[in-house]
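Asker: Structure incoming, see below.
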Amino acid sequence: MSRTFAYVFIAPLAALTIAPLCGCSDDARLARMAENAADRQAEQNEEMAQLNREVAEGTKRLVEADANSREDFVAIQHDLQSAQAEVGNQRDQLESERREIAGQRRHESILAPILESLGPLLVVFAVLFFCGLLVSSLSPDEDGGDAVAEILIEEITADQPTLLPPRVSRHNIDDRMPM
């Protein structure tokens, strides 16, 4: 603005001060030139004032737009942080569900072999229990238990048992073994 000030104010003043020194005798002409220069100067001043108002208005709009964009940026950043927090919560919830499912699978994988091995054992115990019930249901006055014991003793002690397989002597065992 200092350059335009020099051109706008100093140039006409210099012209006005130099003109009388040049020796022009026509005062009317000189007065007209000074008046024209003053009019041009007034117009230029008016234009400069208008330009300054426009620049000020543009600066004001720019500052307002910058403030609005900063507010929008802060709002978007807040929304982004909220979304990130929600994603984090969902991730944590998903991780806890995954751990729970993994624990259930591990628990199930431990129980399956145990139940598989206990199943046949329970069947054997049930059979033995029912056999015990059958044996205990035999009354001692029927002599059923004594008769069975007597038959077993006779079979074990007999040279040629009828119910049990024949005895194998040590000599027969050595013959059967492959070498």
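Asker: Could you go through region 66-73 in sequence order and give the Karplus-derived ³J(HN,Hα) for each residue, using 6.51 cos²θ - 1.76 cosθ + 1.60 with θ = phi - 60°, rounded to whole Hz, and x for Gly and Pro?
Answerer: 5, 5, 4, 5, 5, 4, 4, 4
Asker: Oh, and also: Please give the contour-minus-distance gain from ALA49 to PHE125: 0.36 nm per residue of separation, less the Cα-Cα distance, rounded to one decimal in nm.
Answerer: Extra length available between ALA49 and PHE125 comes to 16.2 nm.
Asker: Could I have the simple spin-label model distance between SER117 and ALA34, label points 7 Å from Cα toward Cβ, reported in nm to one decimal?
Answerer: It works out to 12.5 nm between the two label points.
Rule-based calculations on the coordinates, nothing more; no lab input. Everything numeric here is computed off the predicted structure, so don't read it as measured data. In this analysis, Cβ positions are derived from the backbone assuming ideal geometry, glycine residues included, and neighbour counts consider all displayed protein chains.
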